[in-house]
1. I want to check the label-to-label distance for B:Ala225 and B:Ile23. Put each point 7 Å from Cα in the C-beta direction and report it in nm to one decimal.
2. For A:Arg211, list long-range residues whose amide hydrogen, built 1.01 Å from N in the peptide plane, is under 5 Å from its own amide hydrogen.
3. Please give the per residue volume of the convex hull enclosing the alpha carbon atoms of the range A:153-233, rounded to a whole number of Å³.
4. Can you give me the long-range amide H partners of A:Glu157? Hydrogens built in the peptide plane at 1.01 Å from N, cutoff under 5 Å, separation of 5 or more residues or another chain.
5. Extending each Cα 7 Å along its Cβ direction at A:Asp176 and A:Glu4, get the distance between those two points in nm, one decimal.
6. Write down the Å³ per residue value for the convex hull defined by the alpha carbon atoms of chain B.
7. Which cross-chain or sequence-distant (5 or more) residues have an amide H under 5 Å from the amide H of A:Ala21, H modelled 1.01 Å from N in plane?
8. Which ³J(HN,Hα) values in Hz, rounded to whole numbers, follow from the phi angles of the range A:123-133 under the Karplus curve 6.51 cos²θ - 1.76 cosθ + 1.60, where θ = phi - 60° and Gly and Pro get x?
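Read-outs: derived from the displayed coordinates by stated rules, not from any lab. Bear in mind that the values here come from a model prediction, so they are computed numbers and not experimental data. Methodologically, a virtual Cβ is constructed for each residue, glycine included, from the backbone with ideal geometry; neighbour enumeration extends over all protein chains shown.
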Amino acid sequence: MPTETVVSATNFSYRYGDFTAVQGLDLAVARGEVYALLGTNGAGKTTTLEVIEGHRRPTSGSVSVLGGDPTDRRRIRPRVGIMLQESGFAGELSTIESLRLAGRLSGRDDSADELLDTVDLRSKAETRVVQLSGGEKRRLDFAMAIWGAPELVFLDEPTTGLDPTAREALWEVVGDLRDQGTTVILTTHYLEEAQRYADRIGLMHGGVLQREGTLAELVAAEPSHIRFVAPPGADLPLPISSTEHGLVVVTTDDLQGDLTALLAWADRGNHRLDQLSAASSSLDDLFRDLTTGAHS
Amino acid sequence: MIAIAVSELRMLVRNRLVATLGILSPLVIGGIFILNRPPEGGLAFAATLQIATMLGLGVYVTGTTTLAARRQNLFLKRLRSSAASDPAIIAGLIAPIILVGLLQVAIIMTGLAVSASALPVHGWLLVPVVLLVDVMFAGFAVATAGVTNSPEHAQFTTLPLFFVTVGVTFWVTLTGTQDLGLVKQALPLGAIPELMGIVWYDGDLSRVPLLLIPTIAWTVVALVAAKAMFRWEPRS
């Protein structure tokens, strides 16, 4: 179980003029963890990441990365790989030249050929970057971030623009890095990716880290739902929370008990429960509740 | 810094049109001097104007445009995601432009020497003068890039300083320094005409330190302005 804290932030806020992008954020990421930061557009994920990466100084509060100030590039960056959400290339350089340039500037050693193999860009090694597709540029970006297997990798929406095969391949590499002890902090819009690959998840909305924990912890705190078509005129044994496309929705903290009671009631009264479904809360539900709840 | 500079130089050379014109232009100018020998006393005038325009366009305007472009397409941000320091990044991006500027001036000065069938009397003085002007324009390029939102804007934001420096060299060369001598020499590139006179026709060498002072001062001003005005992010 990892214990050493690699990234810690205490009550940090960041403001763009009058607009507060991140407010009072506390964060601790342990060595070897894959931590996913999720949130709506404009939730403050990228600003959070950029402050932790050392691209910006927090307006207030403190941030520590690998035991130091993240803006101390000379000391911190040789141990860190960064894949920005959006960043430019020198378009007239070839793929391998761009990768080698990033490698030389990283302060770490690696093989450009092997890395191009890893991200499946070997055949594009001599192609000018300006001629690469969006997905290929993203893979090159990823290769630059993981050059020399850094201790800590930041991935800001790494799979945006990638096809499913490339996404799978990227996560496989992230898994390998984690197995080697690398800490990964990422943002993504793909909830299923966070669900599948992250050890812990932080949910941001409106510049605030609203929830944090493992998937099980996050979901456990949320109620489950039973959905079915209510038999006409029947007096249901459970309170209806809402209706959805002709289905009644029962929200419950005791899914097994309430489902058993519902089925027993239906059996006794010979009621038919069409389209019956029962499910624990998912990350999608949690995300939706968080955003709609905060909006309302 | 070296890795960035090598990459920039590689891109410069890779664009054949740019590389060809970068070398061809000063060669053509040098050739014109050879074919049309400057009039008596005209070497210093020609050298002054060539230094001002060649470095003004080649270093100042190109440097401003390059930095604005690199910032706009977020390449600067990528470089800042590395372990390279800010000064190393700027130096790496600007160094090839400075080198090309020096090469261009060297070609033109060679053309002038061939046209005059004589080496400059104090040719060594060209080295500090051209270097200072080169670095001054590079510093102002970094500073101006700070207020230039896009490469397209650079053609407007560079106009004032470019015309001031070229205008000063014209004014001082054409009107001399008998009147308002100190004022003229204190202006950016204002001391260059007299320095070029010493370079090509001999003159009072004891005046060289005095003439270099404003040139050094403007170089320092440019570097201070670069540090104060440059911004890394498209949005602040």
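1. Taking the simple label geometry, B:Ala225 and B:Ile23 are separated by 3.3 nm.
2. A:Leu203
3. Details: hull volume 13.8 nm³, N = 81.
Per-residue hull volume (Cα only) is 170 Å³.
4. Residues meeting the criterion, in which the H sits 1.01 Å from N, are A:Thr187, A:Thr188.
5. Label at A:Asp176, label at A:Glu4, 2.3 nm between them.
6. Working: hull volume 29.1 nm³, N = 236.
Roughly 123 Å³ of hull volume per residue.
7. A:Tyr14, A:Arg15, A:Tyr16
8. Once rounded to whole Hz, the list reads 5, 9, 4, 9, 6, 5, 4, 4, 8, 6, 6.
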